Amino acid sequence: MLLHGGGPGCSAWTDFGAVAHQLGEGRRLLLVDLPQYGGSDSPDITGGQFAFHADHVRGLLDQLGVERADFVCQSLGGSVALLLAARHPERVGRLVITGSTPVPGPARDEPSPAVRAREEYYGDGGPSPAKMRALMTRLEWYDPTGPPQETVELRHRNAVAPRALARGTAATGRGEPEDLGALLGEVAAPVLLLWGAYDPFCSPVHALALADRLPRADMAVLSRTSHHPAEERPGRYAALARAFLDPAPVPSSVSRSL
């Protein structure tokens, strides 16, 4: 199951389209648009944002008859999957998590980069493809030439669809922030923190701190990437993710001929 991030216009395909075919080889792949994103409905979220989405993901697994799934997650999706793994460990196999902040950083006197990005994109004359490109280039992409034009256009179309536009300009309804720090020790699933070296939202230092708090976590950092390494370096991202999701079996015994 692929769970996307929370930026304007994000969806499962915008975040993972570049690696979907490689990740899905030999697997059943579920690309999920969380509520308020992509093609999904946009209900008001009351209470914790992560908990709301985790309940919907569990409900979707039930509807599809999937007892247990592995997860590959970007940003918001990773925090959702970690909460699901802590509360319902029987539903989660392995987790690949990129750019997620289940534990908030230090308190700020100003809005977070994510909040400022949303306000800038939807404010000051309204959203535009040029503003989407500027947002993605500044905060999500390491390469200064920025993301592919088709990705920019798809993110912008998603973000200005009627339900998304109403949600993006609303002051409430996106749920409350959550701190999952007290639950991280309960995540029994193996976790790979697959990080962009230049992520402005949460640096590899943040990922290392998460790895220390998760019982079965490893970490890999992709150079020349920012917040969306799955899009910037899809081949390497997919190779690392698949090696983790499909580990080679360990032989029960070793024989050696002389």
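The values are calculated or read from the model by the stated rules, or taken from the named source; none is laboratory data. Given the structure is predicted, the values throughout are model-derived calculations rather than measurements. Because the Cβ atoms are built from the backbone with ideal geometry, glycine has one as well, and the counts that use them run over all protein chains shown. All accessible areas refer to the heavy atoms of the entire protein, side chains included, with ligands and DNA or RNA removed. Shrake-Rupley method; radii C 1.70, N 1.55, O 1.52, S 1.80 Å.
Of the set (1) in contact with a helix residue (DSSP H, G or I) (Cβ under 9 Å, 6 or more places away or on another chain); (2) surrounded by fewer than 24 Cβ atoms within 10 Å (Cβ to Cβ), all apply to residue 37 but (2). In the range 190-205, the qualifying residues are those that are farther than 14 Å from residue 226 by Cβ and either under 15 Å from the mean Cα position of the chain (by Cα) or β-branched (Val, Ile, Thr) (or both), and the one that is most open to solvent (accessible area, probe 1.4 Å) is 205.
Scan the range 75-96 and tell me whether some residue there is under 25 Å from residue 9 (Cβ atoms), over 14 Å from the mean Cα position of the chain (by Cα) and open to solvent by 60 Å² or more (accessible area, probe 1.4 Å). No - not one qualifying residue is present in the range 75-96.
Please go through the range 83-105 and give me each residue that is among the charged types (D, E, K, R), part of a helix (DSSP H, G or I) and touching a residue at least 60 places away in the same chain (Cβ under 8 Å), ordered by number. Spell out how you get there, then give the answer.
The first filter runs over the range 83-105 and keeps only residues among the charged types (D, E, K, R), leaving 87, 90-91, 94.
From what's left, part of a helix (DSSP H, G or I): 87, 90-91.
Of everything in the range 83-105, just one residue is among the charged types (D, E, K, R), part of a helix (DSSP H, G or I) and touching a residue at least 60 places away in the same chain (Cβ under 8 Å), namely 87.
Residues considered: 236, 224, 163. Of these, the only one that is assigned to a helix (DSSP H, G or I) and touching a residue at least 24 places away in the same chain (Cβ under 8 Å) is 163.
Inside the range 47-59, residues that are in contact with a Ser or Thr (Cβ under 9 Å, 6 or more places away or on another chain), open to solvent by 30 Å² or more (accessible area, probe 1.4 Å) and touching a residue at least 60 places away in the same chain (Cβ under 8 Å) make up a count of 2. Here residue 224 clears all of (1) under 21 Å from residue 112 (Cα atoms); (2) open to solvent by 40 Å² or more (accessible area, probe 1.4 Å); (3) of a type outside the set (Val, Ile, Thr) except the condition numbered (1).
Of all residues in the range 23-52, which are part of a helix (DSSP H, G or I) and over 12 Å from residue 176 (Cα atoms)? Hits for the range 23-52 are 23, 24.
Is there a residue being of a type in the set (Ser, Thr, Tyr), buried (at least 17 other Cβ atoms within 10 Å of the Cβ) and in contact (Cβ under 8 Å) with a residue 12 or more places away in the chain anywhere in the range 168-189? No, because not a single residue in the range 168-189 is of a type in the set (Ser, Thr, Tyr), buried (at least 17 other Cβ atoms within 10 Å of the Cβ) and in contact (Cβ under 8 Å) with a residue 12 or more places away in the chain. Among the residues of the range 132-151, those identified as over 11 Å from residue 8 (Cα atoms), open to solvent by less than 60 Å² (accessible area, probe 1.4 Å) and either part of a helix (DSSP H, G or I) or in contact with a Cys (Cβ under 9 Å, 6 or more places away or on another chain) (or both) are 134, 137, 139, 151.
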